[in-house]
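Just below is one structure, and these are the notes that go with it.
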Amino acid sequence: MANLSSNHIPVLFHEVLEHAQVQSGDVWVDCTLGRGGHTEALLQQGAQVIAFDRDQQAINETSTRLNSFIKSGHLTIIHNNFSEIAHSLESLGIKSVSGILADLGVSSPQLDEAERGFSFMSSGPIDMRMDQSYGISALEWITSHTTGDLCHILRTYGEEARAKYLAKVIKVWTDEAVENETINSLDTLALSRLVESATPMKLRRKLNKHPATRVFQALRIAVNDELGALEQLLKDAPNLLALHGKLLLISFHSLEDRMVKKCFKYLSEPPTPPRRGLPPPPSAPLEFKVNIRKGLIANEEEKAMNPRSRSARLRILTRIRNPHS
Ligand SMILES: C[S@@+](CC[C@H](N)C(=O)[O-])C[C@H]1O[C@@H](n2cnc3c(N)ncnc32)[C@H](O)[C@@H]1O
């Protein structure tokens, strides 16, 4: 089993390695380098890894730690959105790979560092961008969108039942700050306290998480266009797999998991007949299979050690036939 050079154990680590079945010399893509736990394990098993991250800070830290693999030519790190996977591999002259892994969402360092603006527990700028060199901050997102837009993302990305009311409260708060020229003093802790105070005590007691959790999740997904990036990855990644190549996706909430599940089902099942009683339409032989229908979740030991793993689900797709073979 891999022996990592940092004490950070990535989510579903053993499950990923067991199903990746890396052979020496295989080319793997890690779409979400982060602190490089999964990447390092793939490298230790003899893979050549191309790793993406949108976060320059994560790249700086991890490339220092994994510098020997970069120097030996086994690791290539790309500062880009994984939605660019097809273009990036093409520009490296790579047509197909043995495996693609994505451990979606934000990393613990991003969540823990107040300055990044992802945490509702500490005071920092309302930023939430994974790539701080690109796009607009969460605060700019709020001020440049309508109450209706905010309500829409709270409802769809945050699955927040009180989306309409909370959108109004947040917009009144930022509008007042714009008017009073105090907008730059608004921070994540003030936003989370605002949402908390707009949540009745009775409801707060019922929730098993902080009342601002869903608001922060919705803003983060919108600011980083996380579902747009996943949609593009799901379009491109299966086509980049060599025969027997695997796509391993770890998602952390139902919005992502639903997209992954639907895509894998579409690729691995014959089309349903248009009408009952009619034979199925002629179809090309299936190119993919789903490895474990319900996917894999963390065991009790991992859940106890790493609370973030509690909502993780790993789904695996394998190429079983080359196109037009
Ligand atoms: C959960 S962490 C990955 C942790 C990693 N597996 C490890 O072992 O440390 C997710 C990382 O993916 C990056 N990320 C998320 N979405 C991305 C995207 N669309 N393109 C590139 N990187 C992304 C984040 O910046 C973050 O560093």
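The values are calculated or read from the model by the stated rules, or taken from the named source; none is laboratory data. On a predicted model such as this, the values are computed, not experimentally measured, just so you know. Cβ atoms come from the backbone with ideal geometry, glycine included; neighbour counts cover every protein chain shown. Accessible surface is based on the protein model in full, side chains and every heavy atom, while ligands, DNA and RNA are left aside. Shrake-Rupley method; radii C 1.70, N 1.55, O 1.52, S 1.80 Å.
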>> Looking at residue 9 and the list (1) among the hydrophobic types (A, V, I, L, M, F, W, C); (2) open to solvent by 40 Å² or more (accessible area, probe 1.4 Å); (3) over 20 Å from the mean Cα position of the chain (by Cα), which single condition is not satisfied?
In response: (3)
>> Looking at the range 103-110, can you tell me whether even one residue there is near the ligand (Cβ under 9 Å from one of its atoms), open to solvent by less than 40 Å² (accessible area, probe 1.4 Å) and more than 30 Å from residue 190 (Cβ to Cβ)?
In response: yes
>> Can you pull out every residue in the range 98-114 that is outside any loop (DSSP other than H, G, I, E, B) and without any contact (Cβ under 8 Å) to a residue 12 or more places away in the chain?
In response: 111, 112
>> So, in the range 12-39, how many residues would count as being near the ligand (Cβ under 10 Å from one of its atoms), more than 25 Å from residue 292 (Cβ to Cβ) and open to solvent by 10 Å² or more (accessible area, probe 1.4 Å)?
In response: 1
> With the range 1-97 as the region, which helices (runs of 4 or more DSSP H) entirely inside it contain at least 1 residues that are under 23 Å from residue 242 (Cα atoms)?
Replying inline: 13-20, 37-44, 85-91
> Looking at the range 67-88, is at least one residue within 11 Å of the ligand (Cβ to nearest atom), modelled with pLDDT under 95 and surrounded by fewer than 20 Cβ atoms within 10 Å (Cβ to Cβ)?
Replying inline: no
>> Restricting to the range 22-58, name every residue that is touching a residue at least 24 places away in the same chain (Cβ under 8 Å) and on the phi > 0 side of the Ramachandran plot.
In response: 34, 36, 46
>> Suppose the filter is of a type in the set (A, V, I, L, M) and loosely packed, with under 15 Cβ neighbours inside 10 Å; does residue 161 pass it?
In response: yes
> Which condition does residue 120 not pass, out of (1) open to solvent by 10 Å² or more (accessible area, probe 1.4 Å); (2) free of Cβ contacts under 8 Å to residues at least 60 places away in the same chain, if it passes all the others?
Replying inline: (2)
> Restricting to helices (runs of 4 or more DSSP H) lying wholly in the range 122-229: which have 2 or more residues that are at pLDDT 95 or above?
Replying inline: 138-143, 147-156, 163-179, 188-197, 213-223
> With respect to residue 94, is the statement that it is within 24 Å of residue 318 (Cα to Cα) and near the ligand (Cβ under 10 Å from one of its atoms) true?
Replying inline: no
> When the range 247-270 is examined, which residues are found to be buried (at least 23 other Cβ atoms within 10 Å of the Cβ) and not in a helix (DSSP H, G or I)?
Replying inline: 247, 248, 249, 250, 251
